[in-house]
Every structure is written in structure tokens, then in C-alpha cells.
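The structure appears below as C-alpha cells.
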Amino acid sequence: MAQIIDGKAIAAAIKDEVKLEVARLEAEYGRKPCLCVIIVGENPASQVYVRNKVKSAEYVGMESRLIALPQTVSEEDLLDQICKLNEDALVDGILVQLPLPKHINEDKVIDTISKDKDVDGFHILNVGQLWVGKHCITPCTPKGIIHLIKSTGVQVKGKIAVVVGRSNIVGKPVAKLLLDENATVIVAHSRTEDLPSITRLADILVVAVGRENIVTGDMVKPGAVVIDVGMNRNADGKLCGDVDFESASKVAGFITPVPGGVGPMTIAMLMKNTLECYLDKENGK
């Protein structure tokens, strides 16, 4: 039976470390790190995510700002708001909660955020720097996934890592981070032929497709580290992942639950990224 990777506990420990660092830095530099979150409209899921982000920022002792804009806000007005925050010397991190209404171009919004305040790590310049191995803000979920894998004590170097999913937000960046850890990386996806034969190669298996139970226990190599990034609702309305937890947990060595696995780590890494943006600014990077 697999050992459960407790994302909630690991994330809580990280936030406690950030809290201590924030207090130390406030005493040293005379101000707190500041995270500004913008939400457009009243999407219920987005509101929950934003509340959790603001609450976490307050917990670690950061200044948090929330800007709530109506669903009907124009793209121009949203971009103007971002530009003002880019110029605000007291704001270290800017996050625009996605998804946005259809009349707003998400790529344009992301690339309007200053790359130095891009706590999500989505700006094209941060993405480019990630891929060429230069200092950048790393996307929160992939960063959290690497932390979860390392928490098991399994050495990543030399292992075969299979990433199922090729999104710009998770699949591609986590593949690059695994390469940086000297894993041998295979990227598969929903259209991969004979997916089970690929996933069974994985010493480390990261599944981020957004499809309920796309990976089952018979597709997992015995003893593998399995990271389930999916967040779906089954026919009963219950939260579940991309991995069939019941069958996979009987084969894997380590596995993340859904909920309580990757999700809490995303917000913990957001706090670390905000701190990183603050330190880069204070140190003139």
C-alpha cells in the first residue's frame, strides 16, 4: 500500500517557514512583501481560490490587496489597472485570477504584468527563462510538484519520469523542472497511443490531464511516486483526480490524494514566489 504524500501538512510547514522569513525581512527592510490579487466577475470557484490566496498571504504576514472588478470590465480598463500596479513600488506580486471573461485576451493580460511581479510565472519572458535555465519565477503548481516528489526522499536524478499532460501551466513546465533535476523525462498526453505502456515505465508519474481516472492501478509501475494534479467531480459530485486512487494506491510507493495533495502546495508556492519577487526587488535583481 502506498504512502500518502500529505500536501496539506507539507504546505502548512512551508507557509510557517515563509511567515518567519517575512517577519525577519520586515524588520530588515522596513516593509512587508505585498501581493495584489485581481479577480474579474463572480465565478464561484475563482472566488474560493482567491479567498484562499488572500487568507494565506495574511497568515504569513504579507500585505494583501484584493481588487474585484465586474464581469463587464473592459480589457483596456483591466490592463490599465495592471499597469498602475506595475508602477506601484509597494506591490511585489501581481496575480490575475483565471479564467477571465471571453471578451478579455488572457495572453495579453498575462504579458502586461511585469515579469518581475509575475508571481504565477506565466509571463512569456519567465517561461523563456525557465526553458533556457536562467533565473525566473517558476510556476506555482510545477514548483509544488517538485517539492512533493522530493519530500518522499526518492532521488530524482537518473529516474524515468513520465508527465501525462502538456499544458503550459503544468505539463510542460513540470517536465522542464524534472529535466533540471536530471530525470529522464517522457511527456505523454490524452492522444498518446498505448498510454499504459508509457506510464508503466515511470519511476515518477505526474498526471495532469483533467480527465477523471485516466490512470488506473494497472498503469502504474510498482513502487512509483504518483502525483495526481487533476481536480474533477465524479458522477456523485465528489472531488476526484486524474488517477484512480483506490487501485493506484495499492501499487504505487507514494501517492498524492485529491483533495489534499497538489492543491495546497500551489498556494504555498505562491507565497514563496511573492517572497522571491520581494527579495529580487530589494536586492536589485
Ala12: passes all of (1) part of a helix (DSSP H, G or I); (2) hydrophobic (A, V, I, L, M, F, W, C); (3) over 20 Å from Lys143 (Cα atoms); (4) modelled with pLDDT of 95 or more but (3)
Scanning the range 204-223 residue by residue, those within 15 Å of Leu178 (Cα to Cα) and in a loop (DSSP other than H, G, I, E, B) turn out to be Ala208
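Table: residues versus (1) over 23 Å from the mean Cα position of the chain (by Cα); (2) closer than 21 Å to Asn126 by Cα; (3) crowded, with 19+ Cβ neighbours inside 10 Å; (4) of a type in the set (Asp, Glu).
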position	(1), (2), (3), (4)
Met62	no, no, yes, no
Asp77	yes, no, no, yes
Glu87	yes, yes, no, yes
Gly93	no, yes, yes, no
Going through the range 196-246 in order, the residues found to be closer than 21 Å to Gly158 by Cα, touching a strand residue (DSSP E or B) at 6+ places or on another chain (Cβ under 7 Å) and of a type in the set (D, E, K, R) are Asp203
The helices (runs of 4 or more DSSP H) lying entirely within the range 117-186 that contain at least 3 residues which are touching a strand residue (DSSP E or B) at 6+ places or on another chain (Cβ under 9 Å), over 22 Å from Asp6 (Cα atoms) and of a type outside the set (Ser, Thr, Tyr) are 171-180
The condition from (1) touching a helix residue (DSSP H, G or I) at 6+ places or on another chain (Cβ under 7 Å); (2) not in a loop (DSSP other than H, G, I, E, B) that Ile104 misses is numbered (2)
Open item on the list: Being assigned to a strand (DSSP E or B) and either of a type in the set (Gly, Ala, Ser) or in the same structural domain as Ile160 (by TED's automatic domain parsing) (or both) is the requirement here; does Leu201 meet it?
Closed with: no
When the range 187-198 is checked residue by residue, the ones that are touching a residue at least 12 places away in the same chain (Cβ under 8 Å) and either among the aromatic types (Phe, Trp, Tyr) or part of a helix (DSSP H, G or I) (or both) are Leu195, Pro196, Ile198
Being farther than 30 Å from Ile149 by Cβ and either in contact with a strand residue (DSSP E or B) (Cβ under 8 Å, 6 or more places away or on another chain) or outside any strand (DSSP E or B) (or both) narrows Val73, Val50, Val22 down to just Val73
Note: among Ala2, Ala45, Ala9, just one is among the small types (Gly, Ala, Ser), in contact (Cβ under 8 Å) with a residue 60 or more places away in the chain and within 24 Å of Val229 (Cβ to Cβ), namely Ala2
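The values are calculated or read from the model by the stated rules, or taken from the named source; none is laboratory data. The structure presented is a predicted model; accordingly, all values stated were derived computationally and were not measured. Counting neighbours? That spans all protein chains shown, and the Cβs are built from the backbone with ideal geometry, glycine included.
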